[in-house]
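Each remark here refers to the structure printed beneath this line.
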Amino acid sequence: MRLSYSSADGLALESPRITLRGLRPVLNGAPVEALQTEALVVEGPPESLPALHLRMAAPALGGAALDVAISQRGADAWALRYALDGDPGVALDSFGVRFEAVENLRVWLRNGYFSWDGSRYVEPGPPADPGYAMTQLLPREGAGSVVIGFERHERFQHTFRVDGSGAPPTLTIETVWDRKTLNAGSRPESETLVIFERAGVEDSLRAWAKIVAAASALPPRVPDQPITGWSSWYNLYAAITEENILEHLRGVAAVRDRETLPLRFFQIDDGFTPEMGDWLAVKPQFPRGMKPLLDDIRAAGFAPGLWIAPFMVGNRSRLYREHPGWVVRDRLTGGPLPLMTFYGEFRWHKRSEEYYILDTTHPDAFAYLRQVFRTWRRDWGCEYFKTDFMHFPTVHGPDRAVWHTPGLTRIEIWRQVAGMIRGEIGDAMWLGCGCPLWASVGLVDGVRIGRDVGVSWSGERAARSLLRDQATRNFANGILWQADPDCILLRERFHELSEAELRSLAIYFGMTAGLVMTSDALDELSDERLRLWKLVLQPRRAICHFPLLGQPGGSDPDGDPVRVQVRQSTRDQAAPAAIFVFNTGDAPAERTYPLARLGLPGAWHIVEWGSGRGWPEPVERISLTLAPHGGALLFASRQPLAAPPDRLP
C-alpha cells in the first residue's frame with residue numbers, strides 16, 4: 001500500500017485491492033466536524049510517504065487535538081497510532097479515527113469480541129453491530145485482502161464499524177477508553193494499529209495473529225498436544241450426580257483402554273454447585289464432595305476437570321445474600337446490574353431469577369475468587385478448568401456499570417482476574433468459554449470459538465452459525481491458543497440430526513485441529529460411530545486451512561455454502577493430506593476444484609474415507625456431487641494409497 005497526503009485531498013492509503021481515503025477524529029462514537037488538520041511531519045515526497053504525523057483540531061474536541069502518527073513497517077505494512085492531546089471537555093468513553101472512503105469494498109469481516117457473538121463477512125450497509133480487535137476488507141474487483149487490526153489487547157476493547165449507507169462506505173475505528181483514570185503527565189493513547197495487504201485471505205488473517213502473538217505481554221499458550229477427552233454437559237447436562245459421573249468414567253476408561261484412544265481429560269461440567277457464585281458448596285448429589293471424585297478420575301488415568309463461571313453471581317446465592325455489595329451496580333437504577341434474567345418457567349436448573357457480575361475491583365470479592373481457585377487446584381486437585389461466561393465484565397462500560405473501584409477499563413478489570421486465575425492454577429489446562437478472544441492471549445490454553453453445539457441442524461443453536469464461526473476464527477488456532485469447536489456428537493439417539501449431518505459435523509469439527517471432546521457414553525457407541533470418533537482423535541498437532549475463505553457465494557450471505565477444509569500434519573510432510581468438502585446448503589451441490597487452489601499443487605492420489613473409493617490415476621483436480629448437509633472426506637497422497645487412513649493427519 002502507498003501512503004500519500006496533501007492539504008487539499010488529505011490522507012490516502014492506496015492499493016490495487018482496497019484504498020482508504022480521508023481521515024477524521026471520532027469522539028465518543030461521533031465523527032468530528034469543522035476539522036482543521038495540520039501536517040506536523042511529512043517525510044519524503046507527498047505522493048509516496050514513508051511516514052506522516054497529523055494534528056487535528058475542532059470545536060467538538062474542546063481544548064484537545066487528535067495526534068495521528070503513521071509510519072511504514074517493513075515492505076508492505078503500516079503502523080498507525082492516535083492520541084488525544086489536551087482535555088476534550090467531556091467524559092471520554094471512546095475515541096479514534098474514521099476513514100472517509102473505503103474504495104472497492106465487497107465485504108468486511110465483522111469479528112465478534114468473545115466466543116458466542118460470531119464472526120462473519122458482511123456487505124457494506126447501514127450501521128450495525130461493531131466488530132472488534134481487527135477487520136479484513138475483501139475487494140469487489142480483484143483478489144486478496146487488506147487487514148486492519150490492533151496488535152495488543154490487554155487494556156482496551158477496539159471497535160470497527162463500516163457504514164455503507166452512502167457511497168463509498170466509511171470505516172470507523174475506536175479505542176474503548178471507559179473513562180480510564182490517567183496518570184500524571186500521560187494522555188489517552190491508542191495501541192498500535194497495523195494495516196497491510198496480502199494476496200490471500202486466510203493467510204493474511206494468520207499474519208495478523210502472528211503479529212498479536214509477537215506483541216503480546218505474555219507469550220501465547222499453545223499446547224503441544226491437542227486437548228482431548230470427555231465432558232459431561234452435552235449428554236447429562238445439569239442432571240449430574242456422583243453416581244452417573246462414575247458410571248460414565250468407567251465406560252470411557254474401558255473404551256479408551258480397549259481401543260488405545262488418546263483421551264487426556266475427564267471434565268465435570270455445570271450442575272454440582274447449588275447456585276452461581278457459591279463455588280465452594282456442593283449439591284447433595286455429591287455426598288463425598290468433589291475431591292474424592294476428582295481423585296477417582298485421576299486414578300482412572302485422566303486429568304480431572306471442573307466447570308466454573310467465575311464472574312456470575314445468582315440473586316438466590318448465599319454469596320449475594322451475605323455480600324450484596326460484591327456485585328456491579330447499575331448506574332440507571334442504583335441496584336445490582338443483571339446481565340441475564342430468567343423470570344419465567346425455565347430457571348436454568350437453579351433458583352436464581354437474575355445473574356449479576358462479581359465486582360472483582362472490591363478487594364474482598366477478589367480475595368474470595370482467589371480462594372475458590374486456590375481450593376479447587378490445591379485442595380480438590382483440579383487439573384483442567386473450563387471457565388464459562390467470561391464475557392460478563394466486558395459487556396458494559398462506566399455509562400452503565402458502577403464498579404467498587406473506578407478508573408479502570410473493563411479489559412483491565414478482566415485481565416486482573418484472568419492473571420490471578422492463571423497464577424492460582426499454575427500449569428493446569430485452562431479452557432475459556434464465553435471468553436474474550438484476544439484479551440485472553442497468553443493466559444488460556446484453549447478458547448471456544450462459537451456457540452454451544454445443538455442437537456438439530458436448525459433452531460436456536462443452528463449448525464450454520466457454528467460452521468461459519470469455525471471458518472472465520474480458525475486462523476488463530478495454534479498461534480494464539482487452541483481453538484475449541486465444542487463437543488462432538490456421537491450418540492445414536494436423542495438428537496434430531498440425520499446420519500449424514502452427524503457424520504459431517506463430527507468430521508468438520510475434527511478437521512479444525514483444535515480441542516476434540518465428546519459428552520457421549522463411549523461404551524454405548526456402535527462400531528461405526530466409534531470408527532468416526534477414532535478418525536478425529538489425533539494425539540499430535542496439525543494445521544487446518546480454509547483455502548476458499550471469503551469467496552463470493554451468490555445469494556448466500558455467508559459465502560459459498562460448500563465449505564472446504566484442508567488438514568496437514570505439522571511433523572510429517574509425507575503424510576497424506578485430508579480434504580473435507582461439506583455441503584452446508586439445503587440443495588444438492590456439484591463442485592470442481594483444482595487441487596492447486598486448495599494449496600496442493602501437482603498431481604495427487606485420492607481415496608475417499610468411508611466408501612474406500614479411489615481415483616484410478618493421480619489427479620490435479622477433484623469433482624464431487626454432494627447431498628444437502630453431506631460431505632466427502634478425501635485423503636491426498638503423493639504415493640498410491642491402498643486404503644484411506646483411519647485417522648486424520
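The values are calculated or read from the model by the stated rules, or taken from the named source; none is laboratory data. Predicted, not measured: the structure shown is a model, and the values here were computed from it. Please note: Cβ atoms are built from the backbone with ideal geometry, for glycine as well, and neighbour counts cover all protein chains shown. To get the accessible areas, we keep the full protein, side chains included, count just its heavy atoms, and leave off ligands, DNA and RNA. Shrake-Rupley method; radii C 1.70, N 1.55, O 1.52, S 1.80 Å.
Details
- Accessible surface of segment 141-277 [probe 1.4 Å, protein heavy atoms]: carbon and sulfur percent: 50
- Taken one residue at a time, the phi angles of segment 228-242 give Karplus couplings (6.51, -1.76, 1.60, θ = phi - 60°) of 10, x, 10, 10, 7, 5, 7, 10, 8, 6, 7, 8, 9, 9, 4 Hz. Gly and Pro are set to x.
- Relative contact order, whole percent, for segment 579-649 stands at 43, derived from Cα pairs under 8 Å and 6 or more residues apart.
- Percent carbon-and-sulfur accessible area, segment 1-138, ignoring ligands, DNA and RNA, probe 1.4 Å: 51
- Overall form of segment 482-521 per C-alpha gyration tensor (a/c, 1.5; a/b vs b/c): oblate
- Segment 474-588 - share of DSSP beta bridges that are antiparallel (%, nearest 5): 90
- Sequence-ordered 3J(HN,Hα) estimates for segment 607-620 from the Karplus curve with 6.51, -1.76 and 1.60 and θ = phi - 60° stand at 9, 9, 6, x, 7, x, 5, x, 6, x, 10, x, 10, 10 Hz, glycine and proline given as x.
- Whole-number accessible area per residue in Å² for the chain, which is evaluated in the context of all protein chains at 1.4 Å: 38
- Using the Cβ-Cβ distance between residue 299 and residue 613 with R0 set to 56 Å, the FRET efficiency works out to roughly 0.80.
- With an a/c value of 1.5 or above and a/b not larger than b/c for the gyration tensor axes a ≥ b ≥ c computed over the alpha-carbon atoms, segment 400-460 is described as oblate.
- Each semi-axis of the equivalent ellipsoid for segment 294-422 is √(5λ) with λ an eigenvalue of the Cα gyration tensor; in descending order they amount to 28, 18, 12 Å.
- For segment 205-217, the Karplus equation 6.51 cos²θ - 1.76 cosθ + 1.60, evaluated at θ = phi - 60°, returns couplings of 5, 5, 4, 5, 4, 5, 5, 4, 4, 5, 8, 4, 4 Hz by residue, with Gly and Pro reported as x.
- Carbon plus sulfur fraction of accessible area for segment 516-649, probe 1.4 Å, in percent: 49
- Packing-based order for 50-61, 355-366, 28-39, using average beta carbon neighbours within 10 Å, highest first: 355-366, 50-61, 28-39
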